[in-house]
Structure formats: C-alpha cells, structure tokens
Amino acid sequence: MKITLKIDHTFRVACIADRIAVSLKADRDFAWFLGLLHDIARFEQQTRYGTFKDAKSVDHAEFGADLLFKGDRLIDVFPKYTGIPNWESVAETAIRLHNKLNLPEGLDKTTYLYSTILRDADKCDIFRVLTEPPFDERNMRICEAADPARDVIMDCVREHRCVPRTFECTEFESLMSQCCMAFELVYPESRKIVSEQGYLDKLLSVGTEGSAKDQMEMLRAEIKKAWEELCLMEEIYTI
Ligand SMILES: [Fe+2]
C-alpha cells in the first residue's frame with residue numbers, strides 16, 4: 001500500500017513536471033524523466049530502513065542521487081538522454097535538491113530551470129498526498145486541540161516563506177507549514193495547477209475555531225497576496 005502511494009506520486013509528479021515544462025517551452029521529456037526518477041530512493045529506503053521518514057533513516061533525495069549517479073549507477077539502466085547538454089549533472093543536482101528548503105546560489109541556468117520545475121511539481125502533488133487518509137483524523141485532532149500556532153510560524157506566514165524543518169511543530173503548526181509550501185512555487189503554471197486541484201484549499205479549510213481559525217484565514221490571505229504580487233511581477237517582466 002505504502003509503495004503504491006509512492007508509485008502513484010512518482011507518475012503524478014512526472015505528469016505535472018511535463019505540464020510545467022510545456023508552459024515554459026522547456027524540454028518536457030526531460031522534465032517527465034526527472035519526475036520519474038526523483039523519488040527512486042523511496043523503495044530502497046523502505047527495504048533497508050522500513051520507513052519513509054528521512055529523519056529516521058536517510059535523506060531520500062541525496063540517497064536517490066547517490067544510487068543513480070554514484071557507485072552502482074542505476075542511471076545506466078535508462079536510455080542515455082541526449083536532449084540536454086550535461087544532462088547527468090543537471091539530473092543529479094535536480095534530484096539531490098528536490099526536497100531542500102532552498103536552492104543554493106550559483107546554479108547554472110539549465111540546472112536552475114529543471115530543479116525548480118521538479119520542486120514545483122513535487123509540491124503540487126504533495127498537497128494532494130496530504131489530503132489522503134489519515135487527513136480527517138488529523139483534522140479532528142487539530143480541531144480538538146484548538147492550539148494556535150506560535151509567533152515563529154506566523155513570522156514565516158507574514159514573510160511568505162517555508163517553515164524550516166528543524167522547528168518542532170504541533171499538528172496544527174505542521175499543517176500550516178505544509179500550506180506555506182505554496183509561497184515557494186516558482187512558476188505561474190504550478191500555481192494554476194494547485195488552484196485547479198483544490199487540495200491546498202482543502203488543507204486551508206480545516207475546521208478550527210478561535211485564534212487558530214483566524215491564523216488559518218490569515219495564511220489563506222497571505223498566499224493569495226503573495227500569488228497576486230508574483231502575478232503582477234511576471235506581467236511587468238513580460239511587458
Ligand atoms: Fe521526494
């Protein structure tokens with residue numbers, strides 16, 4: 001069952017990456033290929049460690065890039081990709097960075113393009129995964145606890161950025177942190193996909209009360225504001 005979820009996620013990310021690539025006139029085959037490979041380590045992670053939790057095993061992005069491009073070079077099982085110069089280096093970096101909070105400075109243009117396509121596609125489908133069971137049970141616990149998020153989380157909301165993974169979060173704060181991934185979507189097509197899917201909307205609609213409800217509404221408003229600002233910037237940029 002767990003493996004089925006990962007296979008489903010893999011193909012969905014590949015299809016979303018393809019769609020984002022088309023919107024950017026990038027190489028859609030390569031974007032799809034990256035989606036296909038990005039979580040390849042999940043299977044070996046489950047076999048060796050019996051968990052998908054990186055904190056209890058290994059960073060699955062680093063592990064995947066190592067399995068593909070170091071040692072046994074699993075990448076050699078796949079046909080050689082010739083459409084992108086230095087495609088192996090681009091693919092290795094994109095896979096290694098797909099789960100990181102931020103991208104490092106100084107990536108070349110092609111590596112940045114495909115890394116951001118893959119990261120956006122992954123986030124789009126993570127919103128769907130988060131609405132899968134035990135979504136309702138978690139919502140019930142969040143509603144019962146009715147704990148508001150701390151200032152440190154609300155600072156991220158106000159500053160339109162993701163919450164660092166090192167923060168110890170309550171379940172409500174985790175939900176808010178997950179929704180904050182919306183701030184990090186780079187491409188207009190990614191934001192369009194998330195809007196069309198409705199999963200982020202579902203996550204933001206948790207039935208909290210009191211100040212927790214106000215915080216959720218603030219988060220929704222801040223995401224809307226951030227996306228409108230990005231939209232305006234993109235319009236100015238293209239004029
Ligand atoms: Fe991943």
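The values are calculated or read from the model by the stated rules, or taken from the named source; none is laboratory data. What you see is a predicted model, and the numbers here were worked out from it, not measured in a lab. Heads up, the Cβs are rebuilt from the backbone with ideal geometry, glycines too, and the neighbour counts pull from every protein chain shown. These accessible areas exclude ligands, DNA and RNA; they are computed on the full protein's heavy atoms, side chains included. Shrake-Rupley method; radii C 1.70, N 1.55, O 1.52, S 1.80 Å.
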With criteria (1) surrounded by fewer than 20 Cβ atoms within 10 Å (Cβ to Cβ); (2) more than 13 Å from the ligand (Cβ to nearest atom); (3) part of a helix (DSSP H, G or I), Leu107 comes up short on (3)
Do we find that Ile193 is outside the structural domain of Asp8 (by TED's automatic domain parsing) and farther than 24 Å from Lys2 by Cβ in this structure?
yes
Regarding the range 56-75, can at least one residue be identified that is away from the ligand (no atom under 16 Å from the Cβ), of a type in the set (A, V, I, L, M), in a helix (DSSP H, G or I) and open to solvent by less than 20 Å² (accessible area, probe 1.4 Å)?
yes
Out of all the residues in the range 155-165, is one or more open to solvent by 20 Å² or more (accessible area, probe 1.4 Å), touching a residue at least 60 places away in the same chain (Cβ under 8 Å), in a helix (DSSP H, G or I) and more than 15 Å from the ligand (Cβ to nearest atom)?
yes
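Would you check if there is a residue in the range 78-86 being away from the ligand (no atom under 15 Å from the Cβ) and buried (at least 17 other Cβ atoms within 10 Å of the Cβ)?
Yes - at least one qualifying residue is present in the range 78-86.
Rundown of residues vs (1) modelled with pLDDT under 95; (2) surrounded by fewer than 20 Cβ atoms within 10 Å (Cβ to Cβ); (3) part of a helix (DSSP H, G or I), yes/no style:
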| position | (1), (2), (3) |
| --- | --- |
| Val194 | no, no, yes |
| Asp201 | no, yes, yes |
| Gly207 | yes, yes, no |
| Ser211 | yes, yes, yes |
| Asp214 | yes, yes, yes |
| Leu232 | yes, yes, yes |
Selection count where residues are open to solvent by less than 10 Å² (accessible area, probe 1.4 Å) and within 16 Å of the ligand (Cβ to nearest atom), scope the range 21-47:
8
So which residues in the range 92-102 are surrounded by fewer than 17 Cβ atoms within 10 Å (Cβ to Cβ) and either more than 11 Å from the ligand (Cβ to nearest atom) or of a type in the set (Ser, Thr, Tyr) (or both), if there are any at all?
Leu101, Asn102
Residue pairs meeting the criteria (Cβ under 8 Å; at least 6 apart or on separate chains; first assigned by TED's automatic domain parsing to the domain that holds Thr82, in the range 25-53; second of a type in the set (Phe, Trp, Tyr) and within 11 Å of the ligand (Cβ to nearest atom)):
Ala41/Phe63; Arg42/Phe52; Glu44/Phe63; Gln45/Phe52; Gln45/Phe63; Gln46/Phe52
Every residue from the range 77-93 that is more than 15 Å from Ala26 (Cα to Cα) and not in a loop (DSSP other than H, G, I, E, B):
Val77, Glu88, Ser89, Glu92, Thr93
